[in-house]
Amino acid sequence: MSIKYKAVQVTKPGKLEIVEKAITEPTSGQVRIRVEACGVCHTDALTVEGAFPGINYPRVPGHEVVGTIEAIGPNVDGWKEGQRVGVGLMAGHCEHCQPCRRGDFVNCANQVMAGISSDGGYAEKMIANADGLAAIPDNLPSTEGGPLLCPGLTTFNALRNSKARPGDLVAIQGVGGLGHLGIQYARQMGFQVVAIARGKDKEDLAKQLGAHHYINSSAEDPVAALQALGGATVILATAASGKSMSPLLSGLVPRGQLVVAGAGNEPIEVNPTPLLFGMRSVVGTMTGSPIDAEDTLSFSSPQGIHPMIETFGLERAPEAYERMMSGHARFRIVLTVGE
Ligand SMILES: [Zn+2]
Ligand SMILES: [Zn+2]
C-alpha cells in the first residue's frame with residue numbers, strides 16, 4: 001500500500017490545492033476510511049473562504065463522505081473493516097458537555113465538524129471518529145449517499161420532527177439542493193405538498209418530484225396562494241435568502257411553523273402580528289446525528305428518493321466547488337474518488 005494519499009486542501013482563504021499527504025493510523029476511538037465519494041456543499045465555503053471563526057489551515061473540506069473502513073483504532077466497538085460508512089457534518093460528540101449529558105448530541109458544544117474542525121472527505125483517505133459514523137445500506141450507491149447525509153438528512157429530519165401530520169399542507173420553499181429532496185420526503189411522508197419557487201421553470205420538476213401544487217412567487221403572492229389552499233401547517237424554508245422567508249409566516253395556519261433550513265446573509269424579519277395572533281413560530285433546524293442519518297438513508301431508497309447529482313473526479317474539486325458556488329449545479333455535486 002502506498003504511504004501517501006491524494007487530498008484537496010485549503011491553504012489560505014479561497015485557495016484549494018491538490019496535495020499528497022502521509023497516511024496516518026487511527027488513534028483511540030477513530031477509524032480510517034478509504035473515501036469513495038464526497039458531496040460538495042455550500043457549507044464547505046466556511047472552510048474554503050475562511051468564514052468559520054478560528055479555522056486552522058491547511059484543512060481538507062468535505063462533510064458528505066461515503067467510503068469503506070480500512071483501519072480501526074483502539075477502543076472502537078460496533079464497526080468492522082470493509083464496512084461502508086458515511087460521515088456527515090456532525091462527526092463526533094464529546095459526551096461531557098451539558099447538551100451531551102442531556103443526550104442532545106447534535107448540539108454538543110465540542111462537536112467535531114468534518115471538513116471544518118478536522119480534515120474531511122475531499123481526499124482518498126479520511127480519519128473519522130467512530131461515534132460520527134453512519135452505516136450505509138448495501139444497495140445505496142456511494143455517490144447518492146453523500147448528499148443524503150447532508151441536504152437529505154436536513155430536510156428529512158426537519159419534516160419528521162415538525163408538527164405536520166400526514167394529510168397536512170406542507171410547503172417547501174426553494175427547489176434547489178435542499179428543496180428537491182425536501183419535496184420528495186414531504187410527499188413520501190404523506191403530506192399535501194406545495195413547492196414555492198421564483199419563476200415557472202421549476203414547476204414541472206417540482207411536480208415530478210412529488211409536489212401537488214406549485215406557487216410561482218414571482219407571479220403571485222405566496223401568502224395569498226398558501227391561504228387559498230387553506231394555509232400550511234409547516235413551511236420548510238430552504239432558499240438561501242432570509243428576505244424571501246420573512247413574509248411567509250402569514251401563510252401558516254394558527255400554531256404553524258416556519259422551519260428554517262437555508263442560510264442566507266440577510267436577516268429574517270419577523271412581523272410580530274402573525275406571530276402573536278395565531279401563535280405561529282419560527283424555528284431553526286440543523287442536519288442531525290449519525291443515527292438520524294441512518295434513518296434518512298433507510299427511508300430514502302425504499303421510497304424511491306434520490307438526490308439529483310453531477311459527479312466530478314477528485315482532482316477537479318476546485319472546478320466542482322466553483323460550479324457549486326455559482327449556483328448552476330443541478331442540484332448537488334459529488335466528487336468521486338478512486339475506482
Ligand atoms: Zn453539506
Ligand atoms: Zn458534547
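The values are calculated or read from the model by the stated rules, or taken from the named source; none is laboratory data. What you see is a predicted model, and the numbers here were worked out from it, not measured in a lab. Note: ideal-geometry Cβ built from the backbone for every residue, glycine included; neighbour counts use all protein chains shown.
In the range 1-21, the residue that is surrounded by the fewest Cβ atoms within 10 Å (Cβ to Cβ) out of those that are part of a loop (DSSP other than H, G, I, E, B) and without any contact (Cβ under 8 Å) to a residue 24 or more places away in the chain is MET1. May I ask you to say which residue of VAL282, VAL260 is of a type in the set (Val, Ile, Thr), without any contact (Cβ under 8 Å) to a residue 60 or more places away in the chain, under 16 Å from ILE183 (Cα atoms) and in contact with a strand residue (DSSP E or B) (Cβ under 8 Å, 6 or more places away or on another chain)? Just one listed residue meets the conditions, VAL260.
With the range 172-281 as the region, which helices (runs of 4 or more DSSP H) entirely inside it contain at least 3 residues that are buried (at least 19 other Cβ atoms within 10 Å of the Cβ) and more than 25 Å from the chain's Cα centre (by Cα)? Walk me through how you get there before you give the answer.
Numbers: elements: 179-188, 203-209, 222-228, 242-245, 272-276.
Correct list: 222-228.
Of the residues making up the range 136-169, those that are in contact with a helix residue (DSSP H, G or I) (Cβ under 6 Å, 6 or more places away or on another chain) and of a type outside the set (S, T, N, Q) number 10. Checked against the criterion of being of a type in the set (Ser, Thr, Tyr) and within 16 Å of ligand 1 (Cβ to nearest atom), the candidates THR273, THR285 yield just one match: THR285.
Any residue in the range 262-282 that is of a type outside the set (Phe, Trp, Tyr), modelled with pLDDT under 95 and in contact with a Pro (Cβ under 7 Å, 6 or more places away or on another chain)? Scanning the range 262-282, I find no residue that is of a type outside the set (Phe, Trp, Tyr), modelled with pLDDT under 95 and in contact with a Pro (Cβ under 7 Å, 6 or more places away or on another chain), so the answer is no. Taking the conditions (1) crowded, with 18+ Cβ neighbours inside 10 Å; (2) under 24 Å from ALA158 (Cβ atoms) in turn, VAL76 satisfies each one other than (2). Is there a residue being closer than 28 Å to LEU178 by Cβ, of a type in the set (A, V, I, L, M, F, W, C), in contact with a Leu (Cβ under 9 Å, 6 or more places away or on another chain) and away from ligand 1 (no atom under 16 Å from the Cβ) anywhere in the range 29-47? Yes - at least one qualifying residue is present in the range 29-47.
I need the strands (runs of 3 or more DSSP E) fully contained in the range 51-130, keeping only those with at least 1 residues that are among the small types (Gly, Ala, Ser) and more than 16 Å from ligand 1 (Cβ to nearest atom). Steps first, please.
Details: elements: 65-72, 84-87, 125-129.
In the range 51-130, 65-72 are the strands (runs of 3 or more DSSP E) which contain 1 or more residues that are among the small types (Gly, Ala, Ser) and more than 16 Å from ligand 1 (Cβ to nearest atom).
Quick check on GLU49: is it out of contact with any strand residue (DSSP E or B) (no Cβ under 6 Å at 6 or more places or on another chain) and either closer than 24 Å to PHE331 by Cα or outside the structural domain of LEU133 (by TED's automatic domain parsing) (or both)? Judged against the criteria, GLU49 is a match. SER162 falls short on exactly one of the conditions (1) free of Cβ contacts under 8 Å to residues at least 40 places away in the same chain; (2) hydroxyl-bearing (Ser, Thr, Tyr); (3) over 30 Å from GLY54 (Cβ atoms), and that condition is (1). In the range 45-55, the condition of being within 18 Å of the chain's Cα centre (by Cα), more than 16 Å from ligand 2 (Cβ to nearest atom) and of a type in the set (Asp, Glu) is met by no residue.
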